[in-house]
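The values are calculated or read from the model by the stated rules, or taken from the named source; none is laboratory data. What you are looking at is a predicted structure, and each value in this text was computed from that prediction instead of being measured. What goes into the accessible areas is simple: the full protein's heavy atoms, side chains included, and nothing from ligands, DNA or RNA. Shrake-Rupley method; radii C 1.70, N 1.55, O 1.52, S 1.80 Å.
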Amino acid sequence: MRLKLGIPSKGRLQDETIAWFGARGVTIARSGAGREYAGRVEGAPELSLVLLAAAEIPGELAAGRLDLGVTGQDLVREEIPSWAERLEELAEMGFGFADLVVAAPAFWIDVRDMSDLDAVAAAFRARHGRRLRVATKYRRLAREFFRRHGVADYALVDSAGATEASVKNLAAEAIVDITSTGETLRDNHLRVLDDGVILRSQATLYSSRVARDTPERRALRAALSARLGLAAPASA
């Protein structure tokens, strides 16, 4: 019996995840082929490994098909309603930093914060007969944030490609998107609102609260947590 760990299947997130575990004496090596990659783990007999797209990992954890998983906090909070009831954060991993932000055109010099955006949205609807469009891939988090700030006269539109280009391409008037350095926003003549940071995200190791639970599996989770120098999961 082993615990099933899901980690990102490619890119910098995978590399840094492997380095994070390696620094704690757990070696991860990739093997296999196809959509769902596999791998081997050395130094942690409690674990078996599956490599998945980072965006798939929250759902697999919430369904209990993974015991543990590494993914971004932004993905978990967007994809899993009441996520803390189904997942537990074991460790923020210190990489994969990105902010989810509200950004508006830089030439909107009088729009500095969310209250300004609310006023502009109301004026936009009065003038154009439709709501101000906000392009995003983060509909749940955007909607909750706008509600907290009392912004109502807007419409979320799905971003199929590069969200930062939505305003330039006349597909939206503002955006909600993830950014690491802000460079791409600046290249597209967008500016983050002063109070427009929705979430500061990073890669995080999660434990599933709904995965199959037995005394043996609790013992495995506790042993792994000790091996990684973490507090044992609350369910362990």
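Of note:
- Accessible area, probe 1.4 Å, largest first, for residues Ile80, Ile178: Ile178, Ile80
- Taking the DSSP bridge list for the range 98-201 and keeping only pairs wholly inside it, about 60 percent are antiparallel.
- Heavy-atom SASA rank of Thr17, Thr27 (probe 1.4 Å, accessible area, largest first): Thr27, Thr17
- Percentage relative contact order, the chain, counting C-alpha pairs under 8 Å, at least six apart: 27 percent
- Distant-in-sequence amide H partners of Asp177 (H built 1.01 Å from N, under 5 Å): Val101, Ala103
- Sequentially through the range 200-212, phi angles give Karplus couplings (6.51, -1.76, 1.60; θ = phi - 60°) of 9, 10, 8, 5, 9, 8, 10, 10, 7, 7, 10, 5, 3 Hz, Gly and Pro residues having no value and appearing as x.
- Accessible surface comparison of Met1, Met114, probe 1.4 Å, protein chains only, largest first: the order is Met1, Met114.
- Arg86 exposes around 90 Å² of accessible area when a 1.4 Å probe is run over every protein chain in place.
- Sequence-ordered 3J(HN,Hα) estimates for the range 48-61 from the Karplus curve with 6.51, -1.76 and 1.60 and θ = phi - 60° stand at 10, 10, 10, 9, 9, 4, 4, 5, 7, 5, x, x, 5, 5 Hz, glycine and proline given as x.
- Other-chain or far-sequence residues with amide H under 5 Å of Leu47's (modelled H): Leu3
- Accessible-area value, Asp116, 1.4 Å probe, nucleic acids and ligands omitted, Å²: 40 Å²
- Counting only the Cα atoms, the range 98-201 fills a convex hull of 90 Å³ per residue.
- Under the span-like rule (Cα at least 15 Å along the axis, Kyte-Doolittle mean at least -0.5), DSSP H helices of the chain: 11-22, 114-128, 215-228
- Mean separation of Cα contacts under 8 Å (6+ apart) over length of the range 98-201, as relative contact order %: 48 percent
- Leu190 long-range amide H proximity, modeled H, under 5 Å: Ala106
- In Å², nearest 10: area of His149 left accessible to a 1.4 Å probe: 70 Å²
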